[in-house]
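Colleague: This is the structure, below, for whatever I ask next.
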Amino acid sequence: MLGANLLAAPVVEAGARQRQVYLPRGPAGWYEFDGEAWHAAGETVTLAPPLERLPLLVPEGAILPLTDEAEDFSRLHDEPSRCLRLFPAKGEAGRASSSTRMTASASVTARVAPLN
């Protein structure tokens, strides 16, 4: 685990192209960070990532604060844009704020406006 909301599952055996990973119970399921795939908790899954990508899994219900994708390289490095990546419970509505409800079947990225 990398903190409370990231499970890293690198393929470390020589010549191997896939890896089996046990997904801990607690959340009902886990999302693959780079994809839309969802896996039930308590199961062992086989991941076959490309060599250039570290397989990361995120428990449903997690909210990850991230630096937004680097689309605008004219911005200063100390003024990065921010985003929140949400991994909602599968098929359930979750509260984004006191006045907004959201339902999603996969992860959602929301850009965060800077405070002035």
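Colleague: I'd like the full set of residues that are within 19 Å of F87 (Cα to Cα) and part of a strand (DSSP E or B), limited to region 23-44.
Modeller: G29, W30, Y31, E32, W38, H39, A40
Colleague: Being aliphatic (A, V, I, L, M) and in contact with a strand residue (DSSP E or B) (Cβ under 9 Å, 6 or more places away or on another chain) is the filter here; which residues of region 9-28 pass it?
Modeller: Residues satisfying the conditions are A9, V11, V12, V21, L23, A28.
Colleague: Evaluate the following for T46: is it loosely packed, with under 10 Cβ neighbours inside 10 Å and at pLDDT 90 or above?
Modeller: Yes.
Colleague: So L2 fits all but one of (1) more than 15 Å from the chain's Cα centre (by Cα); (2) outside any strand (DSSP E or B); what number is the exception?
Modeller: Here L2 meets the rest and fails (1).
Colleague: Can you pull out the residues in region 11-41 that are loosely packed, with under 13 Cβ neighbours inside 10 Å, in contact (Cβ under 8 Å) with a residue 24 or more places away in the chain and over 14 Å from E60 (Cα atoms)?
Modeller: Answer for region 11-41, where residues must be loosely packed, with under 13 Cβ neighbours inside 10 Å, in contact (Cβ under 8 Å) with a residue 24 or more places away in the chain and over 14 Å from E60 (Cα atoms): R17, Q18, Q20.
The values are calculated or read from the model by the stated rules, or taken from the named source; none is laboratory data. None of these values were measured; they are calculated from a predicted model. Counting neighbours? That spans all protein chains shown, and the Cβs are built from the backbone with ideal geometry, glycine included.
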